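Some notes on the structure that comes next.
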Amino acid sequence: MTRPLRLMAVLPGLAPGGAEVQLAQLLHGLPREEFECELVTLFSARLDPELERRLNVGALPLRDLAVAPLRDGEQGALHAARNLQRARPLLAARIREFRPDIVYTRLWYAGLTVASLPRRGRFIHVANEENALDNLDDRGRAKRLLRRFVIAQADAWVVPTRGLFDEFVRGGARAGRGRVVYNATAIPPLPAPRAASAPARFAAMGRLVPGKGFDRLLRAAALARGAGADFRVDVAGEGPERGPLEALARELGVEDVVRFVGYVHDPHAFLAEHDAFLLTSRAEGFANVLVEAMACGLPVVAMDIHYGPNEIVVPGETGFLVPDGDLAGFAARLRELAADPALRGRLGAAGRARAEAVFSTARMVTQFRDVFFRAAGRSRPEGERTRVRPSW
C-alpha cells in the first residue's frame, strides 16, 4: 500500500485574512488516508478566541517556529531580510525532521523562505500566490520581483483566478506548471427570509486600506443618497484608513448612512443580517468576500477590477459588475437594488446556487488534491470521490 503523502504547509502566520482561512479549510479537508499534514507558521500570532474557532486551530497539526511576533503593516526591507535569515535555519531543521514530500506555501514571504533553501531531490515546492504583482497594498518593485521569483522557481504553482494566472505567465512563469484553483467558502445554512423593509441594508467588508476602495464606496453612497435612494451600509473591518474614511463620510454628509462597525468575528452571521453586498476595491487577487456574500444568498454589486469579480459574478444573474471607477454607475445599481426586494431575492438565490456549485470547500479540496498528486508524480483511481476528512 502506498504511504500517505507527507505535506508541510507554510504560512507567515495565523492572521485573520483570507489566505489563512483558505489554508485551514484545505488542511481540514484533505483525506487522512492520503495525506499526513503539518502546518508551519514562521511568526507567532496572538489569536482571539473567535478566530481560533473559525480556523479550528485546535484540530490543526500546528508548529510555530516563532521567528518573531507577527506584525500588521509594512515592516521595511531590512526588517524582512533579518527575519528571513532567522527563519531559514529554523525551517530547514523542521523540514529535515518532518521529511515532507511536498512543501506547500501560501503568500509570497513563506514562498520566498522555502525558495531560499536548497531542496534538490529533498522535497517538491508548490507555491500559492493570492495577490497581483502590483497589489496596491503590498507593492513595490522588490516585492513584485520576489513574487515572480517564487512562482518561477516552484515545481508547481497555484493562483485563484485565470486573470492572475495570465499575469504571472506574462511575467515569466511556466504555464505548464500552473493551475487555477478558485478559493472556496463554507456554505452556511440559509438564514430565515428577511421581511422586506426600508431602508435596504447593504454590507461591505475588508481591511480598511487604500486598495479596498472604501473611499469609492462613500462617494457612490453620496451619489445614491442624493438621487433619493433609501439604504444603509455597514462596513465591517479594521485598518489604518478608518479615521480618514470616517472623516470623508462626514465631509460627504453620509456618516448617518454608512457605518464602520469594526472587525466582525463571524462574517457569515454579519452578512446574513443584510440585503446585498457591495465591493469597490481597486484590485484583488480573488475577492473572497464576494463568494462569502453569495453563499449567504446576497446579490452583489462589484467594480469590474483585476482580478476576481468577473470570474465570480454573473452579471444580471447573481449581481452586477460596474466598470472600474464608474461611481455614477455603481450608485445607479445601488439604487436599483435598494428599491426592488424581488430583484434582490432573485439575484441572491442564483448567487447562492453558484457558490454551492463552483466555490464549495469540497471542490477546492478535490482540485488541490489533484495538484499535490500530480506534483508528487502519483496517480489516483479514475472517478474516485474525495472523502473530506481531516488528514491527522
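The values are calculated or read from the model by the stated rules, or taken from the named source; none is laboratory data. The structure displayed is predicted, hence computed values, not measured ones. Heads up, the Cβs are rebuilt from the backbone with ideal geometry, glycines too, and the neighbour counts pull from every protein chain shown.
Within the span defined as the range 203-219, every residue fails to be surrounded by 13 or more Cβ atoms within 10 Å (Cβ to Cβ), among the β-branched types (Val, Ile, Thr) and closer than 14 Å to residue 272 by Cα.
For the range 136-153, the criterion of being of a type in the set (Lys, Arg), in a helix (DSSP H, G or I) and touching a Phe, Trp or Tyr at 6+ places or on another chain (Cβ under 6 Å) is met by at least one residue. Only one entry of 90, 7, 39 meets the criterion of being among the hydrophobic types (A, V, I, L, M, F, W, C), more than 24 Å from the chain's Cα centre (by Cα) and modelled with pLDDT of 95 or more, and that entry is 90. Restricting attention to the range 223-257, the residues that are under 20 Å from residue 338 (Cα atoms) and among the basic types (Lys, Arg) add up to 2. Of the strands (runs of 3 or more DSSP E) lying entirely inside the range 252-349, those carrying at least 1 residues that are under 24 Å from the mean Cα position of the chain (by Cα) and among the charged types (D, E, K, R) are 258-262, 300-304. You will find that of 315, 341, 299, 323, the residue that is buried (at least 24 other Cβ atoms within 10 Å of the Cβ) and out of contact with any Ser or Thr (no Cβ under 6 Å at 6 or more places or on another chain) is 299 and no other. The criterion of being within 27 Å of residue 345 (Cβ to Cβ), of a type outside the set (A, V, I, L, M, F, W, C) and assigned by TED's automatic domain parsing to the domain that holds residue 245 does not hold for residue 211.
Take the residues of the range 229-266 that are in contact (Cβ under 8 Å) with a residue 40 or more places away in the chain and under 20 Å from residue 331 (Cα atoms): which is surrounded by the most Cβ atoms within 10 Å (Cβ to Cβ)? For the range 229-266, the residue satisfying everything is 233.
Does any residue of the range 214-222 turn out to be within 27 Å of the chain's Cα centre (by Cα) and either outside any helix (DSSP H, G or I) or aromatic (Phe, Trp, Tyr) (or both)? Yes, the conditions are met somewhere in the range 214-222.
For (1) assigned by TED's automatic domain parsing to the domain that holds residue 113; (2) of a type in the set (Lys, Arg); (3) farther than 26 Å from residue 240 by Cα; (4) surrounded by fewer than 16 Cβ atoms within 10 Å (Cβ to Cβ), each residue gets a yes or a no:
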residue: 16; (1), (2), (3), (4): yes, no, no, no
residue: 28; (1), (2), (3), (4): yes, no, yes, no
residue: 59; (1), (2), (3), (4): yes, no, yes, yes
residue: 66; (1), (2), (3), (4): yes, no, no, yes
residue: 78; (1), (2), (3), (4): yes, no, no, yes
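Take the residues of the range 113-122 that are out of contact with any Lys or Arg (no Cβ under 9 Å at 6 or more places or on another chain) and not in a loop (DSSP other than H, G, I, E, B): which is farthest from residue 145 (Cα to Cα)? Break it down stepwise before answering.
Of the range 113-122, the ones out of contact with any Lys or Arg (no Cβ under 9 Å at 6 or more places or on another chain) are 114-115, 118-121.
Checking which are not in a loop (DSSP other than H, G, I, E, B) leaves us with 114-115.
Working: 114: 16, 115: 13 Å.
Applying the filter and picking the extreme gives 114.
Restricting the range 239-272 to residues that are out of contact with any Leu (no Cβ under 7 Å at 6 or more places or on another chain) and either outside the structural domain of residue 296 (by TED's automatic domain parsing) or among the small types (Gly, Ala, Ser) (or both), the residue that is nearest to residue 53 (Cα to Cα) is 269. Just so you know, in the range 109-129 the residues that are of a type in the set (A, V, I, L, M, F, W, C) and within 21 Å of the chain's Cα centre (by Cα) include one that is surrounded by the fewest Cβ atoms within 10 Å (Cβ to Cβ), and it is 112.
If you go through the range 223-236 and keep only what is in contact with a strand residue (DSSP E or B) (Cβ under 9 Å, 6 or more places away or on another chain) and either at pLDDT below 95 or within 15 Å of residue 326 (Cα to Cα) (or both), you end up with just 224. For the range 24-82, a residue qualifies if it is touching a helix residue (DSSP H, G or I) at 6+ places or on another chain (Cβ under 8 Å), free of Cβ contacts under 8 Å to residues at least 60 places away in the same chain, outside any helix (DSSP H, G or I) and farther than 18 Å from residue 113 by Cα, and the qualifying residues are 47, 56, 60. Set side by side, the residues 106, 86, 54, 46 differ, and just one is farther than 26 Å from residue 207 by Cβ, of a type in the set (Lys, Arg) and either out of contact with any Gly (no Cβ under 7 Å at 6 or more places or on another chain) or surrounded by 15 or more Cβ atoms within 10 Å (Cβ to Cβ) (or both), which is 86. Scanning the range 130-161 for residues that are of a type in the set (Lys, Arg) and either at pLDDT 95 or above or crowded, with 20+ Cβ neighbours inside 10 Å (or both) returns a single hit, 147.
All conditions but one from (1) at pLDDT below 95; (2) assigned to a helix (DSSP H, G or I); (3) of a type in the set (A, V, I, L, M) apply to residue 371; the one that does not is (1). Residue 96 falls short on exactly one of the conditions (1) crowded, with 23+ Cβ neighbours inside 10 Å; (2) more than 17 Å from the chain's Cα centre (by Cα); (3) farther than 24 Å from residue 78 by Cβ, and that condition is (1).
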